[in-house]
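Below is one structure, written out as structure tokens, with a few remarks after it.
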Amino acid sequence: MTNALQTIKRLWRHELIPMLANLKLAIALLLLIALFSITGTVIEQGQSQEFYKLNYPDHPALFGFLTYQVILIVGLDRVYGSWWFLSLLILFGSSLAACTFNRQLPMLKVAKRWFYYTKPQSFAKLPIATELTGRSLNDLSQALTQKGYKVFQADDRLYARKGLIGKVGPIFVHASMLLVLAGAILGALTGFTAQEMVPSGETFQIKNITESGAWSKSQIPKDWSVRVNRFWIDYRPSGAIDQFYSDLSVLDLAGQEVDRQTIHVNKPLRYRGVTLYQANWDISSVRFTLNRSPILQLPLTKLKSKTNGGQVWGTWIPTKTDLSAGVTLLTPDLQGTFLIYDERGNLLSTLRLNGSTEVNGVTLTIKEVVGSTGLQIKADPGIPIVYTGFGLLMLGVIASYVSHSQVWALQVENTLYVGGKTNRAQVNFESEMVQVIEDMPKQELPLVSC
């Protein structure tokens, strides 16, 4: 058993981890992820089977092979939640993690190590090196400290460095990418998307799920509901829509209001990890009276106008109890304008809200038009992790631009050997070293009597 465990550890450490940390493998995985991500933006996601049959028929097949059957079998209709796409993300994350632990962390450990040069000949291999006469090692230490260097000094030797955070930058970048991948995988497995069309005054629970992850059931709320207090539209003077508004209340199981907000486009309602966006609208029904009857309500059906291709909503209102006669009511929007047509399609009257007209011997009064709000509802527990990853990515990119500079010095009698190197911004480093040397006071040589 012990030998088997040792064999597994050896294979893991010496074969699997180096294979995962291979740069070519990481690049290939990244290109595959990018390719399938592009495919997911080109091919419509989450549509019905009939939609794909209509837009991707067998004959002629798009590009000679892309048909609705290929899309549905491979899972190109739900790329970002498919098992093979998530597997690519996990494999790419494993490659990043292996690279971080196998390469980046050892490189950081090497960068943190330091040593002294003990021979003048050693300075010849440094990119920047000089010999100074009449300069003190202590003065160099003080000048480097003023420039932000951390100085290590022992007897006649000195080592100084700054910008070690620049070596941490790539690790931050790798960690941020791992967080982004983890957030994306978590969101794909536990998140869901729903759509609801709800008339004003009605209460609903989230049920019309259009997309969901394998473990998303726990995220779908069962202990609270939403009431649409009112939906309305602001129109511009030209008649064009300016903004949609929905006054929403969140209710607990007892029906008590626990939150209330008015949402509009780009201002959603967020409650316990679920976000409700204003996405669409519709006209649900019309309320009216005939003579002195109680208020009656009939649903409105969305129709397509033959004149301008726009949308209108209409219904048929009976004017006799035996339904032998009636009129057609049409409205183009929620501004409260109604057109009344007879059975032959002749325009009888135009009404506004609370307006009345005589039709077939009865008085028709329009009381109210009821709008419906179209809500897109999303829950994605991975979003905070993704945002954290992007924040760490920005820090990592900034840190990566910090130069890691190192300086060595050796005092041999009256000669001070100084050298250094940096991993970037070579010209700036040279200028800095010149300034350091100029800031050092020059000591007077002692007079020697003959």
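General observations
- The amide H of residue 319, built 1.01 Å from its N in the peptide plane, has 325, 326, 327 as neighbours under 5 Å, considering only residues 5 or more places off or on other chains.
- Whole-Hz ³J(HN,Hα) from phi, Karplus 6.51 cos²θ - 1.76 cosθ + 1.60, for region 346-361, glycine and proline x: 8, 6, 9, 6, 10, 10, 10, 4, 6, x, 10, 8, 8, 9, 6, x
- Inter-probe distance in nm under a simple model that places probes 7 Å from Cα toward Cβ, at residue 48 and residue 347: 3.5 nm
- Principal-axis analysis of the Cα atoms of the chain puts helix 83-99 at an angle of about 20° to the longest axis.
- Amide H to amide H distances under 5 Å link residue 202 with 228, where only residues 5 or more positions off or on other chains count and H is placed in the peptide plane.
- Rounded to the nearest 10 degrees, the inclination of helix 23-42 to the longest alpha-carbon principal axis of the chain is 20 degrees.
- Cβ-Cβ FRET estimate between residue 397 and residue 87, R0 fixed at 30 Å, reported to 0.05: 0.60
- Here the Gaussian network model covers the chain, with springs between Cα atoms less than 10 Å apart; of 285, 176, 324, 324 fluctuates the most.
- Over region 211-253 - Rg/Rh using Cα atoms and the Kirkwood inverse-distance radius: 1.24
- Taking the Cα centre of region 2-107 as origin and assigning +1 to Lys and Arg Cβ atoms and -1 to Asp and Glu Cβ atoms, the resulting dipole is close to 660 debye.
- Cβ crowding within 10 Å averaged over residues, with 378-387, 351-360 ranked highest first: 378-387, 351-360
- Contour excess over end-to-end distance, with Cα ends at residue 203 and residue 121 and 0.36 nm allotted per residue: 21.1 nm
- Bins of 5 Å, starting at 0 and running to the largest distance - Cα pair percent for region 286-369: 3, 15, 27, 29, 16, 7, 2, 0
- Each semi-axis of the equivalent ellipsoid for region 2-107 is √(5λ) with λ an eigenvalue of the Cα gyration tensor; in descending order they amount to 40, 15, 11 Å.
- In the calculated pair-distance distribution of region 336-450, the portion above 16 angstrom amounts to 81 percent of the Cα-Cα pairs.
Computed from the coordinates by the stated procedures, all read-outs in this text should not be read as laboratory data. Keep in mind it's a predicted model, so treat the numbers as computed, not measured. Methodologically, a virtual Cβ is constructed for each residue, glycine included, from the backbone with ideal geometry; neighbour enumeration extends over all protein chains shown.
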